[in-house]
Structures are given as structure tokens and as C-alpha cells.
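The values are calculated or read from the model by the stated rules, or taken from the named source; none is laboratory data. Here the structure is a predicted model, which means the values were calculated and not measured. Cβ atoms come from the backbone with ideal geometry, glycine included; neighbour counts cover every protein chain shown. The area values use the complete protein model at the heavy-atom level, side chains included, leaving out ligands, DNA and RNA. Shrake-Rupley method; radii C 1.70, N 1.55, O 1.52, S 1.80 Å.
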Amino acid sequence: MKYREYRIPAPNVRSLCWNNNSLIDWVAGGTRYQLDGKIKRSATVYPYPFDAAVQSASGEVVVIYQRLGTKGLVLKNGKIVREINRSYYYADSYEYPIAVLQHADLNDVLLHCPDKHNQLDLEDVATGRRLTEGWKRKPVDIFHSRLSVSPKGTWAVSAGWQWQPAHTVAIYKVDELWSEPQILDTEGFCPPIKVDISSVSFLDEQTLLIITDEFANLNANLVDTLVQRRGAHSIGYYDLENRQFRATVQAQEIVGTAMALSERYVVGFFDHPKVFDCTTGKVVQRWPELATGRQTHSMIGRLDQALPPTAFDSANQRFAVADEKGITVIELDLQDIN
């Protein structure tokens with residue numbers, strides 16, 4: 001298959017987010033890397049071990065945070081708005097839950113867990129006011145993690161875990177949260193999958209890619225679930241509106257963290273990036289020289305290999321991976337895959 005590869009000399013990259021055709025290291029104060037190798041460095045320094053960043057669809061609001069810590073810092077247009085925190089409870093075991101939603105009137109709203117590991121709250125970025133105030137909270141016991149939002153903001157997903165441990169997802173329709181924020185105290189809805197869910201990735205506003213874990217413990221009594229019949233490390237395309245799987249296949253290898261490319265292709269990042277053909281489950285392209293860690297769920301506290309800064313751009317079919325010496329960008333050409 002054809003693809004373009006860019007190499008940007010850049011030591012000590014700490015985080016990566018896409019911004020049009022540039023990459024920004026927000027943890028490093030907003031240092032910008034262009035694909036032609038030009039670098040615009042920032043003089044801003046945050047004297048705290050932040051190691052990840054998430055940004056709003058517009059790129060104006062950014063939260064930098066410590067993946068296995070309790071501290072986050074909210075920025076708007078590069079300026080500090082305030083600090084945020086999460087519960088200490090097992091914070092060193094699983095990824096910090098944080099995402100930015102869009103509200104028609106408030107514009108940017110944080111979705112995070114400022115008080116308890118299992119309690120999602122909505123918070124106006126500009127004022128800090130909580131949209132979830134004024135009602136009694138009785139959240140289900142989920143360790144929310146790896147929050148993500150669909151490309152146009154229709155859906156929000158938490159890919160976290162429950163005791164002992166079971167890796168699952170909770171899916172919420174964003175428009176419903178404004179009028180009924182108590183939905184956040186439920187599991188939303190989750191496909192009837194009785195195996196561990198490794199990762200999820202939005203393909204579009206109707207389709208969620210769901211990857212099951214390598215070590216999934218199948219239950220033979222529950223044979224009505226498509227993904228379950230396929231066995232461990234499956235790839236499934238779930239229709240969010242009709243709440244059913246359109247297609248599933250067993251992957252040739254462990255997928256791990258995933259980025260949906262199309263109805264047929266997905267990139268998995270377990271150990272190194274690899275493109276899977278979802279009609280066969282086989283790997284059709286790989287980059288073994290790019291180390292991307294061995295993550296298969298949100299509990300990364302005991303991984304024996306650090307997770308490098310990465311940035312996914314599903315819409316433009318590209319991704320970026322940093323190592324200690326620089327950034328590698330891969331732009332895929334799906335038209336060339338046979």
C-alpha cells in the first residue's frame with residue numbers, strides 16, 4: 001500500500017495533538033511542529049509532570065494532565081483558565097478521564113470526574129459552573145476512563161473498567177445530557193458484550209469501532225452476541241442508532257488501542273502500528289520500527305513499556321508517533337490497498 005512518511009527531528013516531545021496540518025505539544029507550552037520540519041517553540045513552562053493533552057474540536061480549549069495522576073490544567077487560547085483534579089482512588093492504575101464537549105450556548109463544556117472515580121460531571125469551561133448541580137447523585141460503580149467524543153459531538157464514550165477488573169464502555173448521547181444530566185449516573189447504553197472491551201474508536205456519527213481484549217474471558221452461555229461468538233480480540237462495527245453490529249471479525253493479532261479508518265480498515269497500535277483488513281482480520285501493513293506500547297485497556301499503571309506521545313487523525317487517515325529523538329507521521333492512502 002502507498003503511504004507518506006514524515007520525520008520531524010524533535011527530542012523530548014511530551015504530548016501531541018493535531019491542529020490542521022501541524023502537531024502541537026501542549027505539555028511543552030504549545031510548541032508547534034509542521035510536517036515540513038519547521039518548529040515554533042514555546043517559552044511557556046509548566047513545572048509539573050504533565051504527560052498528555054486533549055483538546056476541543058476547535059482547538060481553543062485544551063486540558064493537559066497526568067495520565068496516572070490527579071492533576072489537570074485547563075487552557076483556553078494558550079492561557080491558563082484553572083486547575084482541575086480527580087479522585088486519588090486507584091488514580092495510579094488507570095488513565096485520567098477527560099473530554100471537551102460542545103454546547104450551543106455555553107460553547108465548551110468539560111466532561112470529567114472532579115469528585116469521584118465513578119461520577120461524571122459537566123462543567124462550563126469559562127465559569128467552572130457545573131451543569132450537573134442540583135440533583136442527588138447515585139452513580140453506578142464504573143471507573144470512568146479514556147473519554148472520547150464523536151467527530152461532530154453527537155456521542156460521548158467512556159472506555160473504563162469495573163471490579164474485578166472488567167473492561168467495559170458506557171455510551172451517552174450528548175444532546176440528552178443537557179436536559180437529563182442524570183443519565184451520566186447510569187451506564188448509558190453498552191452493546192451486549194460479555195467480554196473485556198480493549199478500546200473504541202468513532203468512525204462517524206453513527207458508527208463506533210469496538211475492539212475486544214486479547215485476554216477476554218468468553219462465556220459460552222451467552223451466545224447471542226456477535227462479538228462474543230467471534231472470540232477474543234475481535235473487531236466490531238457497532239451501529240449507534242440501530243444498536244446492533246453491522247460486521248465483526250476476529251483479528252489476526254492483538255489490536256490494542258485503535259483508530260478507525262473506514263468500514264474496512266482500522267489501525268491497531270499494540271506494540272507497533274498495523275493496518276487490519278476488517279473483512280478478513282488480517283494485517284495488511286505494519287510499521288515494526290515504531291514502538292507504540294502494549295496497551296489493551298485503560299489500566300496502564302503496570303505496563304512494562306511506556307506509552308509514547310501519539311496523535312490520531314481519523315478524518316485525514318493519518319497518525320503521529322513520537323520517540324526520544326523525533327516525531328514520525330504516517331499518512332495512509334486507502335485507495336491503494338488491495
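The residues in the stretch 46-84 that are in contact with a Gly (Cβ under 6 Å, 6 or more places away or on another chain) and open to solvent by less than 10 Å² (accessible area, probe 1.4 Å) can be counted, and the count is 2. The residues of the stretch 174-189 that are in contact with a strand residue (DSSP E or B) (Cβ under 6 Å, 6 or more places away or on another chain) and surrounded by fewer than 16 Cβ atoms within 10 Å (Cβ to Cβ) amount to a single one, PHE189. The residue pairs whose first member lies in the stretch 37-51 and is more than 28 Å from TYR96 (Cα to Cα), whose second member is part of a loop (DSSP other than H, G, I, E, B), and whose beta carbons are closer than 8 Å, counting only pairs six or more residues apart or on different chains, are ILE39/ALA10. Scanning the stretch 302-309 turns up no residue that is in a strand (DSSP E or B) and open to solvent by 20 Å² or more (accessible area, probe 1.4 Å). Looking only at the stretch 181-201, decide whether some residue is at pLDDT 95 or above, among the small types (Gly, Ala, Ser) and under 20 Å from the mean Cα position of the chain (by Cα). Yes: the stretch 181-201 contains one or more residues that are at pLDDT 95 or above, among the small types (Gly, Ala, Ser) and under 20 Å from the mean Cα position of the chain (by Cα). Checked against the criterion of being under 30 Å from ASN20 (Cβ atoms), open to solvent by less than 50 Å² (accessible area, probe 1.4 Å), at pLDDT 95 or above and not in a loop (DSSP other than H, G, I, E, B), the stretch 283-290 has at least one qualifying residue. Being within 20 Å of the chain's Cα centre (by Cα) and modelled with pLDDT under 95 holds for only one residue in GLN102, GLN66, and it is GLN102.
Inspection of the stretch 24-35 finds a residue satisfying the criterion of being more than 20 Å from LEU147 (Cβ to Cβ), in contact with a Phe, Trp or Tyr (Cβ under 8 Å, 6 or more places away or on another chain), surrounded by fewer than 19 Cβ atoms within 10 Å (Cβ to Cβ) and not aliphatic (A, V, I, L, M).
Checking the structure you have, find out if any residue of the stretch 263-278 is touching a helix residue (DSSP H, G or I) at 6+ places or on another chain (Cβ under 6 Å), at pLDDT below 95 and not aromatic (Phe, Trp, Tyr). For the stretch 263-278, residues touching a helix residue (DSSP H, G or I) at 6+ places or on another chain (Cβ under 6 Å), at pLDDT below 95 and not aromatic (Phe, Trp, Tyr): absent. In the stretch 318-338, the residue that is modelled with the highest pLDDT out of those that are surrounded by fewer than 17 Cβ atoms within 10 Å (Cβ to Cβ) and farther than 23 Å from ASP25 by Cβ is ASP333.
Evaluation of LEU120 against the conditions (1) open to solvent by 20 Å² or more (accessible area, probe 1.4 Å); (2) touching a residue at least 60 places away in the same chain (Cβ under 8 Å); (3) touching a helix residue (DSSP H, G or I) at 6+ places or on another chain (Cβ under 6 Å) shows that the sole unmet condition is (1). TYR237 satisfies every condition listed in (1) assigned to a strand (DSSP E or B); (2) open to solvent by 10 Å² or more (accessible area, probe 1.4 Å) except (2).
The residue pairs whose first member lies in the stretch 100-115 and is touching a residue at least 24 places away in the same chain (Cβ under 8 Å), whose second member is open to solvent by 80 Å² or more (accessible area, probe 1.4 Å) and not in a loop (DSSP other than H, G, I, E, B), and whose beta carbons are closer than 8 Å, counting only pairs six or more residues apart or on different chains, are ASP108/GLN102.
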